[in-house]
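The values are calculated or read from the model by the stated rules, or taken from the named source; none is laboratory data. What you see is a predicted model; the values in this text were computed from it and never measured. So basically every Cβ, Gly included, is an ideal-geometry build from the backbone, and we count neighbours across all protein chains shown.
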Amino acid sequence: MYLKLGDCENGETFHDFTNDPILFVAGRTGSGKSNLLHFLLEQFLQNERYSNFGLVLIDCKRVEFLDYSELNNLIGNRVYPGTDILKCNVLDKLVASD
């Protein structure tokens, strides 16, 4: 399951979620992290062959991913605020569902 991350000097950049199911996104404020994640989510949602993926959304801003809170693909059936992630044992649920 390859998803396009964007364009770079050498052409398009993709991530293979089949072989590497975790993608960590980091960067400075205003560098486009949230835009990239919205872009990836839209790719997942627009393609029926990705309908069986499981997703954990951790929203430290508590506003960025609320539009996705009704997705059937969410593990734990909710978007997790950053402060609640350890209290909810969502990481244990993720490992158990693997």
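When the residues of the stretch 15-24 are filtered to those that are touching a residue at least 12 places away in the same chain (Cβ under 8 Å) and surrounded by 10 or more Cβ atoms within 10 Å (Cβ to Cβ), which remaining residue is nearest to Gly54 (Cα to Cα)?
In the first step, residues of the stretch 15-24 are kept if they are touching a residue at least 12 places away in the same chain (Cβ under 8 Å); the result is 15-18, 23.
From what's left, surrounded by 10 or more Cβ atoms within 10 Å (Cβ to Cβ): 15-17, 23.
Working: His15: 16, Asp16: 15, Phe17: 11, Leu23: 13 Å.
Looking at residues that are touching a residue at least 12 places away in the same chain (Cβ under 8 Å) and surrounded by 10 or more Cβ atoms within 10 Å (Cβ to Cβ), I get Phe17.
Can you tell me which residue among Gly54, Gly27, Gly6 is more than 20 Å from Asn72 (Cα to Cα), in contact (Cβ under 8 Å) with a residue 12 or more places away in the chain and either loosely packed, with under 10 Cβ neighbours inside 10 Å or in contact with a helix residue (DSSP H, G or I) (Cβ under 8 Å, 6 or more places away or on another chain) (or both)?
Step by step, each of Gly54, Gly27, Gly6 is checked, and only Gly6 is more than 20 Å from Asn72 (Cα to Cα), in contact (Cβ under 8 Å) with a residue 12 or more places away in the chain and either loosely packed, with under 10 Cβ neighbours inside 10 Å or in contact with a helix residue (DSSP H, G or I) (Cβ under 8 Å, 6 or more places away or on another chain) (or both).
Of everything in the stretch 11-39 that's outside any strand (DSSP E or B) and among the hydroxyl-bearing types (Ser, Thr, Tyr), which residue is farthest from Glu64 (Cα to Cα)?
The extreme case among them is Thr18.
Of the conditions (1) surrounded by 11 or more Cβ atoms within 10 Å (Cβ to Cβ); (2) touching a Gly at 6+ places or on another chain (Cβ under 9 Å), Glu12 fails just one. Which one is it?
Unmet for Glu12, out of (1) surrounded by 11 or more Cβ atoms within 10 Å (Cβ to Cβ); (2) touching a Gly at 6+ places or on another chain (Cβ under 9 Å): (1).
Can you find, within the stretch 65-98, the residue that is modelled with the highest pLDDT among those that are loosely packed, with under 15 Cβ neighbours inside 10 Å, among the aliphatic types (A, V, I, L, M) and within 15 Å of the chain's Cα centre (by Cα)?
Taking the candidates together, the pick is Leu66.
Against the condition among the basic types (Lys, Arg), assigned to a loop (DSSP other than H, G, I, E, B), surrounded by fewer than 11 Cβ atoms within 10 Å (Cβ to Cβ) and modelled with pLDDT of 75 or more, how does Arg62 come out, does it pass?
No; evaluated as a whole, the condition is false for this residue.
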